[in-house]
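Peer 1: The structure that follows is given in the form of structure tokens.
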Amino acid sequence: MPQHCVMARLRSVLDTDDLPIAELCAARLDGEVVAIDHGWVPVDEPDHAASRAALVALQVPRSLIIERLSAAWVHGAIASPPVVAQFCVPYSARIAVLNHRRVSVREVRIDARDIVEVGDQPCTTIDRTAFDVLRDHTLDDRVACDVVAALHHVRPEIINLVEHRLDGAVRMPHRSLAVSRLRRTEAALRSAGRAGASRLGDHPPSLTR
């Protein structure tokens, strides 16, 4: 049976549970699938949040909450997933420790309202993702601000939502860092908006054809 007929019956995100590694590599060489992170995706599969979430989830044996940069990738804010996949669980989850050099799992305070199902995978919401990225002291400031600016383009009200979170968390660790980064992001967005308006003023769009 031709390989593409077999592939049509499989999931949109593949791993070695679907096909042996040799067949997946052969399909990649034939141009039928592309390798992304730890999985393979058919070349005609649309790039959408559910497939990105499924790719991230391939790295863990059970359902964990996708967070921070991994969540930013799922939400379409960055071009590629982080080298170390990032997950979190509620403090009450009491999970066994995962020993994997390419997976990070944190215990955090998180409410159901901060979690969205993307496909079949739990992921932090866009505003919770921005909130977590701003507070992540392991990230470079510019990276954190760029990610939040990109998330703003996905959900424009995100700045106000994150400000509200920060206002209600006075004693939160790394709050001052998050506030500083948020102000820097706001300034960059305002500057980009002014630059865009200026370009439109220099070259007004034609109203006729």
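Peer 1: Could we say that LEU139 is touching a helix residue (DSSP H, G or I) at 6+ places or on another chain (Cβ under 8 Å), under 25 Å from LEU58 (Cα atoms) and surrounded by 16 or more Cβ atoms within 10 Å (Cβ to Cβ) here?
Peer 2: Spelling it out, LEU139 is indeed touching a helix residue (DSSP H, G or I) at 6+ places or on another chain (Cβ under 8 Å), under 25 Å from LEU58 (Cα atoms) and surrounded by 16 or more Cβ atoms within 10 Å (Cβ to Cβ).
Peer 1: Report, by residue number, each residue of the range 86-95 that is closer than 19 Å to ASP127 by Cα and either in contact with a Lys or Arg (Cβ under 6 Å, 6 or more places away or on another chain) or in a loop (DSSP other than H, G, I, E, B) (or both).
Peer 2: GLN86, CYS88
Peer 1: Select from the range 122-156 the residues that are charged (D, E, K, R) and either in the same structural domain as PRO90 (by TED's automatic domain parsing) or at pLDDT 95 or above (or both) and list them in ascending order.
Peer 2: As a first pass, look at the range 122-156 and keep what is charged (D, E, K, R): 127-128, 132, 135-136, 140-142, 146, 155.
Within the range 122-156, ASP127, ARG128, ASP132, ARG135, ASP136, ASP140, ASP141, ARG142, ASP146 qualify.
Peer 1: If only one of ALA144, ALA178, ALA130 is buried (at least 22 other Cβ atoms within 10 Å of the Cβ) and either over 13 Å from the mean Cα position of the chain (by Cα) or among the charged types (D, E, K, R) (or both), which one is it? Explain how you work it out, then say what you get.
Peer 2: Details: ALA144 fails: either over 13 Å from the mean Cα position of the chain (by Cα) or among the charged types (D, E, K, R) (or both); ALA130 fails: either over 13 Å from the mean Cα position of the chain (by Cα) or among the charged types (D, E, K, R) (or both).
That would be ALA178, the only listed residue that is buried (at least 22 other Cβ atoms within 10 Å of the Cβ) and either over 13 Å from the mean Cα position of the chain (by Cα) or among the charged types (D, E, K, R) (or both).
Residues are listed down the side, and each one gets a yes or a no for (1) at pLDDT 85 or above; (2) closer than 21 Å to VAL147 by Cα; (3) outside any loop (DSSP other than H, G, I, E, B):
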position: GLU23; (1), (2), (3): no, no, yes
position: ASP44; (1), (2), (3): no, no, no
position: PRO81; (1), (2), (3): yes, yes, no
position: ARG101; (1), (2), (3): no, no, no
position: VAL105; (1), (2), (3): yes, yes, yes
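Peer 1: Another one. Taking the conditions exactly as written (in contact (Cβ under 8 Å) with a residue 12 or more places away in the chain, under 23 Å from SER180 (Cβ atoms) and surrounded by fewer than 21 Cβ atoms within 10 Å (Cβ to Cβ)), does VAL108 satisfy them or not?
Peer 2: Yes: the conditions hold for VAL108.
Peer 1: Tell me which residues, restricted to the range 111-126, are in a strand (DSSP E or B), in contact (Cβ under 8 Å) with a residue 12 or more places away in the chain and not hydroxyl-bearing (Ser, Thr, Tyr).
Peer 2: Listed by number, the residues that qualify are ILE115, VAL118, GLN121, PRO122, CYS123.
Peer 1: For the structure I just gave you, tell me whether GLU117 is touching a Cys at 6+ places or on another chain (Cβ under 8 Å) and over 19 Å from ILE158 (Cβ atoms).
Peer 2: Here the answer is yes, as GLU117 does meet what is asked.
Peer 1: Let me ask something else. Restricting to the range 157-209, give me the number of residues that are part of a loop (DSSP other than H, G, I, E, B) and either at pLDDT 60 or above or closer than 20 Å to VAL143 by Cα (or both).
Peer 2: Within the range 157-209, the first condition is being part of a loop (DSSP other than H, G, I, E, B), and the residues that meet it are 157, 168-174, 203-209.
From what is left, the residues that are either at pLDDT 60 or above or closer than 20 Å to VAL143 by Cα (or both) are 157, 168-174.
Summing the residues that are part of a loop (DSSP other than H, G, I, E, B) and either at pLDDT 60 or above or closer than 20 Å to VAL143 by Cα (or both) in the range 157-209 gives 8.
Here's the yes/no breakdown for (1) outside any loop (DSSP other than H, G, I, E, B); (2) out of contact with any Asp or Glu (no Cβ under 7 Å at 6 or more places or on another chain):
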site	(1), (2)
ILE78	no, yes
ARG128	yes, no
VAL143	yes, yes
VAL148	yes, yes
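The values are calculated or read from the model by the stated rules, or taken from the named source; none is laboratory data. None of these values were measured; they are calculated from a predicted model. Every residue, glycine among them, receives a Cβ derived from its backbone with ideal geometry; neighbour counts consider all protein chains shown.
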